[in-house]
Ligand SMILES: *Cc1c(COP(=O)(O)O)cnc(C)c1O
């Protein structure tokens, strides 16, 4: 398990790589819901998402390694490549041949090698395991790892640091590293603070697992909240239990509700976020999230294709 002490220890460790992101009030959402709503603008983090916190902490905690690897091509792969370069450690991001060219270029632009293996995510993950076994690489997973969770938890410390009387935090939920870390940090300051997890209705593995009482696989479906897709791992060690212990409420959103969140944040608050980061606003607009106040929404990332974003904002989801 991860403690508040682990999270406080992570904060100075990642300070040279990770920036403190702004908290700003949302006048429009506060008016809509009848109480103060704050936005934690983590989409303005270096690499465009909070994942840099966990990756930076995990990389900083490594002993002597030949390099670091992972099979994630999303925000975690990007964060790991960035954190490794900052420490002068080689990074190999294992990807399947199905991954689009622009993603390979983005990984290469961060100084990492995108190693194309096979035609499935499983094959890419096998290669990451092989590098760990045979080449002295450290495999840094996207959420189910104590150092990663502690790094994500620094976001919770920042929120409580700027808004000590926060009553609730709405957290986009996928594998649960973000929610677990933020919840431990925030509840250490205020045990009554409510942690509200939000996922999409389509293929939310953590929601299905919590309901079943054990990690289950779900069929992955395309969603606007693409950073919330993927499983929690049948051998999940930490986040399944931590999320189960720490979450106070779980909200699921339709694709139209997520799109409305993206649109509202762009038009009313001037923030460009990806689908995963818009779920808090989407839940308020849908009448599914009603407080308590002050309520903080984590805008977890901003990595969305600009033309797709423009299309959604124009109302064509
Ligand atoms: C990874 C990610 C999440 C979910 O984080 P977990 O730790 O997997 O629950 C939410 N938003 C964005 C933008 C992400 O990249």
Does the range 166-317 come out rounded, prolate or oblate by the C-alpha gyration tensor, with a ≥ b ≥ c the root eigenvalues, rounded set by a/c under 1.5 and, if not, prolate when a/b is larger than b/c and oblate if not? oblate
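Over the chain, calculate the relative contact order: mean separation of alpha carbon pairs under 8 Å at least 6 apart, over the residue count, as a percent.
Relative contact order, the chain: 20 percent.
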So if R0 is 35 Å, what FRET efficiency would residue 102 and residue 314 give, r being the distance between their Cβ atoms, rounded to the nearest 0.05? 0.95
Taking the Cα centre of each part, how many Å lie between the range 139-190 and the range 82-109? 26 Å
Would you mind computing, in nm to one decimal, how far apart the modelled labels at residue 1 and residue 201 are, each placed 7 Å from Cα along Cα→Cβ? 3.6 nm
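Of 40, 64, how do they rank once you tally other Cβ atoms within 10 Å and put the fewest first? Mind dumping the intermediate values first?
Numbers: 40 29, 64 7.
So the residues, fewest neighbours to most, are 64, 40.
Would you please give the FRET efficiency between residue 8 and residue 268, computed as 1/(1 + (r/R0)^6) with r the Cβ-Cβ distance and R0 = 35 Å, to the nearest 0.05? Numbers along the way, then the final one.
Values: r = 35 Å, r/R0 = 1.00.
That gives a FRET efficiency of 0.50.
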Anisotropy class of the range 52-139 from Cα gyration tensor, a/c 1.5 cut: oblate
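Which whole-number percentage describes the relative contact order of the range 216-317, with Cα contacts under 8 Å and a sequence gap of 6 or more?
26 percent
Fewest Cβ neighbours within 10 Å first, please rank 41, 94 accordingly. Show your work: numbers first, answer last.
Details: 41 19, 94 28.
Fewest to most other Cβ atoms nearby, the residues stand as 41, 94.
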Can you show me the helix-derived [θ] at 222 nm for the chain, built from DSSP H runs with n ≥ 4 at -39,500 (n - 2.57) apiece and divided by the number of residues, rounded to the nearest 500. -13000 deg cm²/dmol
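I need the peptides 295-303, 260-268 ranked by packing, meaning the mean over residues of other C-beta atoms within 10 angstrom, with the highest value on top. Each step should come with its number before you reach the end.
Numbers: 295-303: 26.6, 260-268: 21.1.
Packing proxy ranking, top to bottom: 295-303, 260-268.
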Out of the DSSP beta bridges found with both residues in the chain, what percent are antiparallel (nearest 5)? 10 percent
What ranking do 93, 247, 14 get, fewest neighbouring Cβ atoms within 10 angstrom at the top? 247, 14, 93
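Given a cut-off of under 8 Å on Cα pairs at least six residues apart, what relative contact order in percent is computed for the range 52-139? Walk me through the numbers before you get to the answer.
Working: 158 pairs, mean separation 28.7, N = 88.
Computed value for the range 52-139: 33 percent relative contact order.
Go through 144-151, 248-255, 18-25 and give me the packing order, highest mean Cβ count within 10 Å leading.
Working: 144-151: 26.5, 248-255: 18.0, 18-25: 16.4.
The most tightly packed comes first, giving 144-151, 248-255, 18-25.
Apply the a/c threshold of 1.5 to the C-alpha gyration tensor of the range 251-317 and tell me whether it is rounded, prolate or oblate.
Values: a/c = 1.97, a/b = 1.57, b/c = 1.26.
Since a/c reaches 1.5 and a/b is larger than b/c, the shape of the range 251-317 is classed as prolate.
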To the nearest 10 degrees, how steeply does helix 121-134 sit against the main Cα axis of the chain, on a 0 to 90 scale? 50 degrees
What's the center-to-center distance, using Cα atoms, between the range 1-77 and the range 235-261 in Å? 17 Å
Compute the angle between helix 4-14 and the longest alpha-carbon principal axis of the chain, please, reported from 0 to 90 degrees and rounded to the nearest 10. 70 degrees
Förster-model FRET efficiency, 35 Å R0, residue 129 and residue 165, C-beta, rounded to 0.05: 0.15
Length gained, residue 87-residue 27, 0.36 nm per residue minus C-alpha separation, equals 17.6 nm
For the range 122-137 and the range 263-317, what is the centre-to-centre distance using only Cα atoms, to the nearest Å? 36 Å
Angle in degrees between helix 75-86 and the longest Cα principal axis of the chain, rounded to the nearest 10: 60 degrees
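Values quoted throughout were computed directly from the atomic coordinates according to the rules given, and no laboratory measurement underlies them. Quick caveat, the model's predicted, so the values are computed rather than measured. Virtual Cβ from ideal backbone geometry, glycine too; neighbours counted across all protein chains shown.
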